[in-house]
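Remarks on the structure that follows.
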Amino acid sequence: MKPYLLVLFILSSFIVFAQEKVDSLQVFFHQGKSDIDLSFSENGSRINPYAQKLQSINADSLYKINRIVYFAGGSPEGSRATNARLSNERAASVANYLHQYAQFNDSLVAVNPQNEDWKGLKQLVEASNMPNKARVMQLLKDLPDIDDEAASEALKKKLKQLNKGRTWNYMYRNFFPQLRGAKLYIYYEVVEKPEPVEEKKVEIEPAPEPIEITPPAPKPAPMPQRIPEPVVEPKPEPKPEPKIETRFLGVKTNLLFLAGTIANVGFEYEFAPKWSVDLPIYYSPYDLSDTRKIRVLATQPEVRYWLSKAGEGHYFGVHGHIAGFNVAINDHGRYQDPERPLWGFGLGYGYAINFGATKNWGLEFNLGLGFANYEYEAFYNRPNGQVFRTGEDWYWGVTRAGISLTYKWWKPRKSSVVNALIK
């Protein structure tokens, strides 16, 4: 996961799709093969329950598969061209197998070939007691990038020269089969089927037969009498009641952040006509699981100018943000701030709606764009995972977003009350 995507995840309201679910599936293949063998490496014990789950979803619910992401890694003995071809063929094999249990468009499948899986090899060597382990770990200390073919070939050549090729052969027998695998993530939505509604038959009664009615003979009209018009005195015009202006103090919570498991509360105060200041606080101190966490302590104060009355309608704002974070949302890495928190500024727009006669309850929609500067440390996402990257970067994009439930107290302005008493 790239660092700028991490900041987007923290600042852009955690727009979590509440109905979207994700399942993962691990599949292993024979060397140079792309056909699924259920008896190989316990594939059947993982694939069959997963397929039955998809079949159950298909039978009990309406569902929609949004996307399928396929990460494929290759063992170092193969060429990059071979690994890329096998990744696409193996993705097609898994997709065709799942087509038997769920219907989805092949265009939803995204294949991410990882070429040589040096990271996986390093983890296997580190957890083993293989001969010449210290020398191998020294060579695997600085792993080449995925796209750096020259560095990969140089590392491969050094490993083959160790102990006259016996070290390479040991890894080929014991570790390389575990690198010829793939992991599949399926993102889908599930909506319960509505119960059928029975149609009720409406019986139509026959129309009654018409009854003939003989109209009475007309009576002679009386002679009109002239009545004098009364004299109406003009009523005095009522004086309009003096209009008292109000200001507000509000509390709120951002529903989008709550959907992202981040507790939050906000306060807003109108300090002048058409001007207010908003202060949200976000806090999430807990872990979702052993390898998933969204620990955040942040605030984003904003000064707002309202186009009509403060607290209603459209507004524009200027906001700043400061945040401390420790986030792990996938298997790749865990990211946290090392020395100082993330900071930055942005411009925002929003719209507020108030309900009822008293207009205490309401909804607020807002979106902001700006920048953030941050330092980060990236750890392998496992117990006692080591640091594999540190750095500092800038982020430009969405920095504030929300759908907030608000409650406002409206109080009269002192100046407007005095003017009303004078009049």
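The values are calculated or read from the model by the stated rules, or taken from the named source; none is laboratory data. Keep in mind that this is a model prediction, so the values were computed, not measured. FYI the Cβ positions are ideal-geometry reconstructions off the backbone, even for glycines, and counts take in every protein chain you see.
I'm checking my understanding of the structure. Among residues of the stretch 356-408 that are loosely packed, with under 13 Cβ neighbours inside 10 Å and among the charged types (D, E, K, R), which one is farthest from G313 (Cα to Cα)?
Within the stretch 356-408, the match that is farthest from G313 (Cα to Cα) is R389.
Just checking, does the stretch 71-81 include any residue being modelled with pLDDT of 75 or more and part of a helix (DSSP H, G or I)?
Yes; the residues of the stretch 71-81 include at least one that is modelled with pLDDT of 75 or more and part of a helix (DSSP H, G or I).
Find all pairs meeting these conditions: Cβ atoms under 8 angstrom apart; at least six residues apart or on different chains; first residue within the stretch 154-183 and assigned to a helix (DSSP H, G or I); second residue of a type in the set (V, I, T).
That search, which allows pairs on different chains as well, returns L159/V136; L159/T167; L162/V136; T167/V136; M171/V125; M171/V136.
Yes or no: G346 at pLDDT 90 or above, under 23 Å from the mean Cα position of the chain (by Cα) and not charged (D, E, K, R)?
Here the answer is yes, as G346 does meet what is asked.
Take the residues of the stretch 248-269 that are in a strand (DSSP E or B) and of a type in the set (S, T, N, Q): which is surrounded by the most Cβ atoms within 10 Å (Cβ to Cβ)?
Once the filter is applied, the top-ranked residue is N254.
Residue by residue, here is whether (1) aromatic (F, W, Y); (2) crowded, with 17+ Cβ neighbours inside 10 Å; (3) free of Cβ contacts under 8 Å to residues at least 12 places away in the same chain holds:
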position	(1), (2), (3)
F71	yes, yes, no
R80	no, no, no
A92	no, no, no
Y101	yes, no, no
R135	no, no, no
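So E392 passes all but one of these: (1) touching a Gly at 6+ places or on another chain (Cβ under 6 Å); (2) under 30 Å from F71 (Cα atoms). Which condition number does it fail?
Condition (1) is where E392 drops out.
With the condition kept exactly as written, say whether any residue in the stretch 158-172 is among the basic types (K, R), touching a Phe, Trp or Tyr at 6+ places or on another chain (Cβ under 6 Å), in the same structural domain as A81 (by TED's automatic domain parsing) and at pLDDT below 85.
no
Quick check on the stretch 138-153: of everything there that is exposed (fewer than 13 other Cβ atoms within 10 Å of the Cβ) and of a type outside the set (D, E, K, R), which residue is farthest from L86 (Cα to Cα)?
So in the stretch 138-153, the residues exposed (fewer than 13 other Cβ atoms within 10 Å of the Cβ) come out as 138, 141-142, 145, 147, 150.
Restricting the remaining residues to those that are of a type outside the set (D, E, K, R) gives 138, 150.
Numbers: Q138: 30, A150: 21 Å.
Only one residue fits best here, namely Q138.
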